[in-house]
Amino acid sequence: MRCQSTDPRLDNLSRNAADGRQAADVTALSPAPTLTRMTPQPNPEAGAAVKAADRDHVFHSWSAQDLIDPLAVAGAQGSYFWDYDGRRYLDFSSGLVYTNIGYQHPEVVAAIQEQAARMTTFAPAFAIEARSEAARLIAERTPGDLDKIFFTNGGADAVEHAIRMARLHTGRPKVLSAYRSYHGGTQQAVNITGDPRRWASDSGTAGVVHFWAPYLYRSRFYAETEEQECARALEHLETTIAFEGPSTVAAIILETIPGTAGIMVPPPGYLAGVRELCDKYGIVFVLDEVMAGFGRTGEWFAADLFDVTPDLLTFAKGVNSGYVPLGGVAISGAIAETFGKRPYPGGLTYSGHPLACAAAVATINVMAAEGVVENAARLGASVVGPELRALAERHPSVGEVRGVGMFWALELVRNRETREPLVPYNAAGEANAPMAAFAAAAKAGGLWPFVNMNRTHVVPPCTISEAELKEGLAVLDAALSVADEHVE
Ligand SMILES: Cc1ncc(COP(=O)(O)O)c(C=O)c1O
């Protein structure tokens, strides 16, 4: 039966933790790395100048420009950053979930400096040491035969190119993607996205059809167990393919574990079931690991948790912890062959930029040498999971705890019985006040939280220490008391 797991590693995944399940321990392969802490030096005048120039000239992403108040940041080290007033924050958001090795890792900084001295840049048509080595190290870690790497500048353009490859490989136009997903801000990627960030740019003509992926806590399938959720989600997907016309579908794209949309760890068997459907109908299976990849889940790639190999895998963020912008697509043998004799019609001036690739080489080597992936797995199972479950018991605003590795979500609710979210879907302004108050309380306590809609995610650097985690979880505990005030 597809929707039941026989893989013991899946027992390490935690879903529906509020219902009392426990994650199994993962044995540490090496101790958590320690990072030097720097003492912030206050300099409010410099901070005011930085802020003034920002407000005058920087146009910020996803924002009404007059309604934002960006914090001026003076520096960062390891799991912390600080402002110009000397206030230090423990970063439970890893920037935008990308500083998997923390800030300013000295070996990666040195590698970038060394590459800058040797060869700052070189055009993509040439074979360059840093580029070749980054591709080799990535291909060595990606599952199955994903052995060719096309480098991009970030995650959205990786998704754009994966979809282009799938369409050219199959000769078909359509892409199926999930509601409750994020795939990037460029035109095709945002149309594939299944959250409100798509709406303003939805052309309605992008060749994208959305479907529902599994999410037992808010099941679209009236399911009561993970097995039901899995089986019904697969049936829904197959019906969607049938009614769209299988011969029109080029690709199914999924985040292996949806990130910003809520860290919904798929039930055992779901991704294997999608793989089967793709094989049955000749559809390219794309896994988007821009957020979940490079250690975040306690594996190099989240696909490893499910023993699934896609045809294309997109990555960015953790590949070099965002020290220099880099993303890419890992490509299967069959799709690479399509472009063996026929040119691939796509490229970027900075594809495989030497500085970004040198940062990736150093990052991957540091992660391997310091056991960063193992640290994420071990502390996720032994500290974050159990402590978040304990928080859920104390705080009535916590509806569900779910996650794995350094990739966890707390779903905050007004009412645990009805599961009514603490704030409505896509709430803004006054309607979002309870989540804003929760975030403000966390920041006042020195913790920078990741907040999206009615959720807070615990997504610190994968290098974080146990002591740092406990410090952050204590602040989270206090901030949840603010959320509790809005429970019915
Ligand atoms: C799963 C996923 N795909 C794609 C992207 C887009 O990446 P970028 O912002 O680097 O373009 C993101 C960004 O958060 C993401 O989480």
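Each value in this text was obtained by applying a stated rule to the coordinates, not by laboratory testing. Note that the coordinates shown come from a computational prediction; the quantities given were computed from them, not determined experimentally. A quick note on method: Cβ atoms are made from the backbone with ideal geometry, for glycine too, and the neighbour counts reach across all protein chains shown.
Could you give the length gained by full extension between residue 66 and residue 43, i.e. 0.36 nm per residue of separation minus their alpha carbon distance, to one decimal place?
Numbers: separation 23, 0.36 × 23 = 8.28 nm, distance 2.52 nm.
Fully extending the segment from residue 66 to residue 43 adds 5.8 nm.
Place the peptides 370-380, 425-435, 348-358 in order of packing, highest mean first, counting for every residue the other Cβ atoms within 10 Å and averaging per peptide.
Top of the packing list down: 370-380, 348-358, 425-435.
Return the long-range amide H neighbours of residue 458 (sequence gap of 5 or more, or a different chain), with a cut-off of under 5 Å between placed amide H atoms.
Sorted by chain and number, the residues that satisfy this are 408, 409, 410.
Ratio of region 374-483's C-alpha Rg to 2.2 N^0.38 Å, to two decimals?
Rounded to two decimals, the normalised Rg is 1.02.
Between residue 202 and residue 368, what is the label-point separation in nm under the 7 Å Cα-to-beta-carbon projection?
Here the modelled spin labels are 4.4 nm apart.
Between residue 87 and residue 420, what's the calculated FRET efficiency when r is the beta-carbon distance and R0 is 25 Å? Round to 0.05.
Details: r = 35 Å, r/R0 = 1.38.
E between residue 87 and residue 420, to the nearest 0.05, is 0.15.
Taking H as built 1.01 Å from N, whose amide H comes closer than 5 Å to the amide H of residue 148, not counting residues under 5 places away?
Residues meeting the criterion, in which the H sits 1.01 Å from N, are 331.
Taking θ = phi - 60°, what integer Hz values does the Karplus form 6.51 cos²θ - 1.76 cosθ + 1.60 yield along region 73-90, in sequence order, with x for Gly and Pro?
Ordered by residue, 3J(HN,Hα) equals 9, 8, x, 7, 7, x, 8, 10, 9, 9, 9, 6, 8, x, 7, 10, 10, 7 Hz.
Cysteines without a disulfide-compatible partner in the chain, using Cβ under 4.7 Å as the rule?
278, 357, 462
Could you work out [θ]222 nm for the chain from helices alone, using -39500 (n - 2.57) per DSSP H run of at least four and dividing by all its residues? Round to the nearest 500 deg cm²/dmol.
It comes out at -11000 deg cm²/dmol, rounded to the nearest 500.
How do the peptides 222-230, 395-403 rank, highest first, by the average count of neighbouring beta carbon atoms within 10 Å per residue?
In decreasing order of mean packing, 222-230, 395-403 become 395-403, 222-230.
Counting pairwise Cα distances across the chain, what percent come out greater than 42 angstrom?
13
Counting only the backbone N, which residues of region 70-87 are under 20 Å from the spot 7 Å out from the Cα of residue 56 toward its beta-carbon?
Only 70-74, 84 pass the distance filter.
Using modelled amide H (1.01 Å from N, peptide plane; none on Pro or chain starts), what sits under 5 Å from the amide H of residue 74, excluding residues fewer than 5 places away?
82, 83, 84
³J(HN,Hα) across region 298-315 via Karplus (A = 6.51, B = -1.76, C = 1.60, θ = phi - 60°), whole Hz, x for Gly/Pro?
Running phi through 6.51 cos²θ - 1.76 cosθ + 1.60 with θ = phi - 60° gives x, 10, 4, 10, 4, 4, 5, 5, 10, 6, 10, 10, x, 8, 9, 10, 9, 9 Hz.
Once R0 is set to 30 Å, what does the formula 1/(1 + (r/R0)^6) return for the Cβ-Cβ distance between residue 110 and residue 466, expressed as a FRET efficiency to the nearest 0.05? All intermediate terms of the calculation are to be shown ahead of the outcome.
Values: r = 27 Å, r/R0 = 0.90.
The computed FRET efficiency comes out at 0.65.
Relative to the present Cα-Cα distance, how much length would full extension add between residue 122 and residue 485 at 0.36 nm per residue of separation?
Details: separation 363, 0.36 × 363 = 130.68 nm, distance 5.63 nm.
Result: 125.1 nm gained on full extension.
Placing +1 on the Cβ of each Lys and Arg and -1 on the Cβ of each Asp and Glu in region 69-124, which of 74, 112, 86 has its Cα farthest towards the positive end of the resulting dipole?
Working it through, the farthest residue towards the positive pole turns out to be 112.
In whole Hz and in residue order, list the ³J(HN,Hα) couplings for region 321-330 that follow from phi through the Karplus curve 6.51 cos²θ - 1.76 cosθ + 1.60, θ = phi - 60°; x for Gly and Pro.
Once θ is set to phi - 60°, the couplings for region 321-330 become 6, x, 5, 9, x, 7, x, x, 10, 8 Hz.
What share of the DSSP beta bridges in region 107-370 is antiparallel, in percent to the nearest 5?
35
Over every pair of different alpha-carbon atoms in region 222-351, take the mean of 1/r and invert it; report that Kirkwood radius in Å. Please report the intermediate quantities before stating the final value.
Values: mean 1/r = 0.0620 Å⁻¹.
Final number for the Kirkwood radius of region 222-351 is 16.1 Å.
So how do 59, 122, 285 line up by other beta-carbon neighbours within 10 Å, fewest first?
59, 122, 285
Calculate the radius of gyration of the Cα atoms of region 107-370 to one decimal place, then report Dmax, the largest Cα-Cα distance, as a whole number, both in Å.
Final numbers for Rg and Dmax: 18.2, 59 Å.
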